[in-house]
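Only one structure is covered here, and it is reproduced in the block below.
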Amino acid sequence: MGITIDQKRNLFALQMDKTTYAFAIDENGLVRHLYWGKKMSNINDLDVPVLSEISSNDPILDIVQEEYPVFGGMRYKEQCLKVNFADGTRDIVYRYESYEQNENTLKINLKDIHYDLTIQLNYQLYEDRDLIERSVTIINTGTEKIEIEAIYSGQMHLPHQALTLTGTKGYWLAELQEFKQSLGGSKMIMESRRGISTHHHSPFFILDHHATETSGDVYFGALKWSGNFKTVIEPRPYGTTLVQMGLNPHDCQIVLEGGTSFTTPEMIIGYSADGFGKMSHQMHAYARTYILKGGDRPVLYNSWEAMVFDVTCEAQIELSKKAAAMGCELFVVDDGWFGNRNSDADGLGDWYINREKFPDGLNPLIKAVKDSGMMFGIWIEPEMVNPPTQLLKDHPDWIYHFKNRVNDTSRNQLVLNVTKPEVQAFIYQMIDDLLANHDIDYLKWDANRPISQTGISRDMWVKHTQAVYEIVAKIKEKYPTVLIEACASGGGRVDYGALSYFDDVWTSDNTDPFDRLTIQKTYSYLYPIKAMRAWVTDHPYRNVPLPFKFHSAMMGSLGMGCNILNFTEAQMEESKGFIAAYKEIRQTVQNGNFYRLEHQSTNHYHLFEYVYQAEVLLFIFLPQANIDRGNVRVKLQGLDTEATYVFEIPKKMTTRYGDYLFANSNEEVFETRNKSGAFLMYHGIDLQLNGDYASAIIKFKKQ
Ligand code: DGJ
C-alpha cells in the first residue's frame with residue numbers, strides 16, 4: 001500500500017485499498033499516465049509503451065497520455081498549462097527533474113529545458129478511501145515575469161470511450177439537476193464564469209461504464225474551488241477519454257514575478273469498481289474524516305422565509321421561544337437586522353445594528369435565545385454593497401469597476417473588490433466586531449450575485465475566492481467553535497472548496513420538499529450529507545403535508561423556516577415530534593453510509609437508506625401514486641447478511657402483494673418484525689404508500 005516507486009524505471013504507483021494509479025517517466029522525460037483502475041499489487045507488468053506517430057497528422061505529443069500536458073510542440077489536445085515567457089515565447093518544453101516523497105505525498109518536479117520554470121505535480125493519497133488529491137505548483141525560479149494564461153489542476157485518462165457522464169445542470173431554485181449524457185465524438189465542457197461555482201454546473205465529474213448504484217466502473221472527481229472552474233471531457237480518437245479540471249482560463253491571467261509560485265486548487269479524484277453507491281461512500285467518508293470540522297449539526301430555525309426583511313427584536317424573540325419549544329437547537333436571524341435594510345435595495349455594507357428594529361442592539365435577542373437553551377446565529381453578506389450606503393459613499397473605489405463603464409447592479413447590489421487588502425481588512429473587522437461583541441455560534445455567509453466589471457487585474461477571478469477563503473480561515477482561527485454556512489443565493493457555492501473552509505452549505509432557495517428530493521439526490525453523489533442544510537418551510541410550490549416536508553428535510557441537516565408564530569397547537573406538536581425523531585436518528589443521517597436504492601416498481605417511489613453502526617434507516621417517498629397504486633419491493637444494502645434486524649412497520653398491512661404492505665405512513669399502531677440481513681438485502685420487503693405526498697421512515701436495528 002502507499003506509494004511504490006520503481007527507481008530503475010522511474011515508475012510511480014499510487015497503491016490504495018482497492019485501486020492502483022500509475023505513471024512513469026519515459027526516455028524523453030515526459031510524465032506518462034499508465035493505469036487507473038482496480039488494484040494491481042504487482043506493478044512489474046506495467047510497461048511504458050514506446051510511442052510512434054500514427055501519421056504525420058497524428059503526432060506523438062498529441063497521442064501520448066501525459067499526467068500534465070502543456071501548451072507546446074505538436075500538442076493539439078486539451079492542455080493543462082499555457083504561459084507567456086518574457087521574451088514572447090509561448091511554448092513549454094519540460095523534462096522530468098526529480099521526485100520527493102513523504103509518506104503518502106508525492107511531488108514530481110519538471111523543469112523547462114530553457115526557461116526558469118518549474119512545474120511541480122502534487123499527489124496526496126487517501127489509501128483507505130481510494131482517493132487521490134492532485135494539484136500543481138508553478139514556480140518561477142528566475143527573475144523575469146511569467147504570465148500564466150491557463151492552469152488546470154490536472155488531467156486524467158480513462159481507459160474507455162463509451163462512457164456516460166452524470167452531470168449537473170440548473171439555475172437559481174433548480175440547482176443540482178442531474179443529467180446523463182453518453183459521450184460521443186465531441187468535447188464536453190462544464191464551467192463557471194461568474195465568480196462563484198454557481199447554480200448552473202457543479203465542479204465535479206462522474207463518468208461511468210455501464211454502472212448502476214451497485215456495479216460497474218465509475219471514475220469521478222471534484223474540484224476544491226468556489227470560483228470560476230472548467231471541466232473538459234474529451235473522448236480521444238485514439239481510444240481513451242481525457243478529463244481535465246481546474247481554474248477557468250476565461251478572462252484570467254496570473255502573473256508570476258521572479259521568485260514566486262502559484263499552486264492550483266486541489267482536485268480529489270477516485271475510481272469505484274462497484275458503481276455509484278461505493279463512489280458516494282468514498283467521497284462522504286473522505287469529507288467526514290478530512291474536510292468537515294465540528295460535531296453533529298444542530299437543528300436550526302432560520303427567520304428568512306417567515307419574516308424576509310421584516311425582522312424586529314420582539315418578533316424574533318417570539319419566534320425563538322416557539323422554535324425552542326419545538327426542539328430547535330440554533331436560532332438564526334437572517335437578512336434585515338442591520339443598516340437601512342428594509343428591502344434588498346439598501347444596507348449591505350453598513351453593518352451597524354438597525355436601532356429601529358433592535359433598539360437595544362442584538363444582545364436582548366441573543367439573551368432570550370440563550371435563555372431558552374439554543375445557540376445563536378446571524379446572516380451576513382460581506383462581499384457586497386448597496387449603492388445608497390455610507391460604505392460606498394466613503395469608498396467608491398472599493399467596488400470592482402472599469403473606468404468609463406457603468407457598473408451593473410444585480411439584486412440592487414455591487415460587488416466589493418475583495419482582492420484589495422483594505423477591503424479584506426474591513427470585512428474581517430466587521431465580522432470580528434460582530435463576534436467579539438456578541439455571543440454568536442453560527443454565521444450564514446451569503447453572496448447574492450455574480451461578479452461583473454471586474455477591473456483591470458485579470459487574476460481577480462482567483463484572488464477573490466482566495467480572499468474569501470482566507471477571511472473565513474482567519475475567523476475560524478480566532479473563533480474555532482463558530483460554525484459558518486456557505487450560501488450564494490441558495491446553492492451557488494456548493495462545492496468542495498466551500499466545504500473545506502465553511503461547515504455547512506445552503507443547498508437551494510428552493511425549499512419545496514419534492515423538488516428537494518431531486519436536488520438532494522444529486523448532491524449526495526459526491527457531497528457529504530452532514531453539511532447539507534435542508535429546511536421545512538411554508539412555501540413549497542405545491543400543497544405538501546407536513547410529514548413529507550419533514551421527511552424530505554430530515555435527509556440532511558434539519559432546519560425549520562416556517563412562520564411558526566402562525567402554527568396551531570397541533571402543528572407545533574407535530575413538528576416537535578418530528579424534530580425529536582430527527583435528533584434520535586441524526587447520528588445515522590449525518591455520519592452513516594448513504595444509499596440511493598433502485599427498485600422495479602412502476603410507481604415513482606424514492607428510496608434512500610442510511611447505515612451507521614447498528615442502525616439502518618429507510619426513507620421512502622411517494623409523491624403521487626400511479627393508477628395501479630402498486631407496492632414497491634425494497635432491497636436494502638450494506639447490511640450484515642448473517643445478523644437479524646428488528647424493525648417496526650405499521651400494523652395495518654396485508655400480504656396481498658407480497659411480504660409486507662402498509663397503507664398509511666401516519667398509522668399509529670406498529671408491529672415489530674425480525675428479518676435477517678440476507679432476507680432484507682436479497683429478497684427485500686414489499687411496502688406500499690397511499691395518497692399524494694406520502695412518506696415514511698422505517699428504522700431497523702441490528703441485534
Ligand atoms: C439568499 C439566501 O439563499 C436566502 O436563504 C436568504 O438568506 C436571502 N439570501 C437573504 O437575502
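Things to note:
- The stretch 531-549, residues that are surrounded by 23 or more Cβ atoms within 10 Å (Cβ to Cβ) and in a helix (DSSP H, G or I): A531, F548, K549
- Selected residue (criterion: surrounded by the fewest Cβ atoms within 10 Å (Cβ to Cβ)) from residues of the stretch 358-382 that are of a type outside the set (V, I, T) and within 15 Å of the ligand (Cβ to nearest atom): W379
- If you go through the stretch 485-498 and pick out every residue that is of a type outside the set (G, A, S) and more than 14 Å from the ligand (Cβ to nearest atom), you end up with 2.
- In the condition set (1) over 25 Å from Q590 (Cα atoms); (2) part of a loop (DSSP other than H, G, I, E, B); (3) touching a Gly at 6+ places or on another chain (Cβ under 8 Å), D509 is compliant with all but (1).
- Residue match in the stretch 274-292 (condition: within 16 Å of the ligand (Cβ to nearest atom), surrounded by 22 or more Cβ atoms within 10 Å (Cβ to Cβ) and either at pLDDT 95 or above or assigned to a strand (DSSP E or B) (or both)): no
- Matching option when the condition is in contact with a strand residue (DSSP E or B) (Cβ under 8 Å, 6 or more places away or on another chain) and either crowded, with 17+ Cβ neighbours inside 10 Å or modelled with pLDDT under 95 (or both), among L61, L158, L51: L158
- Of all residues in the stretch 301-314, one or more are away from the ligand (no atom under 14 Å from the Cβ), buried (at least 20 other Cβ atoms within 10 Å of the Cβ), farther than 30 Å from W398 by Cβ and of a type outside the set (S, T, N, Q).
Residue-wise test of (1) touching a Leu at 6+ places or on another chain (Cβ under 9 Å); (2) without any contact (Cβ under 8 Å) to a residue 12 or more places away in the chain; (3) part of a strand (DSSP E or B).
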| position | (1), (2), (3) |
| --- | --- |
| L61 | yes, no, no |
| D91 | no, no, no |
| N109 | yes, no, yes |
| E133 | yes, no, yes |
| I148 | yes, no, yes |
| S153 | yes, no, yes |
| G167 | no, no, yes |
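- Residue check for D45: more than 30 Å from E144 (Cα to Cα) and out of contact with any Gly (no Cβ under 6 Å at 6 or more places or on another chain): yes
- In the stretch 329-356, the residues that are assigned by TED's automatic domain parsing to the domain that holds S575 and more than 10 Å from the ligand (Cβ to nearest atom) reach residues that are part of a loop (DSSP other than H, G, I, E, B) and of a type in the set (D, E) with C-beta atoms within less than 6 angstrom, at least six apart or across chains, in these pairs: G339/D350; N340/D346.
The values are calculated or read from the model by the stated rules, or taken from the named source; none is laboratory data. Just so you know, these numbers come straight off a predicted model, no measurement behind them. Cβ coordinates were reconstructed from backbone atoms using ideal geometry, including for glycine residues, and neighbour counts include every protein chain displayed.
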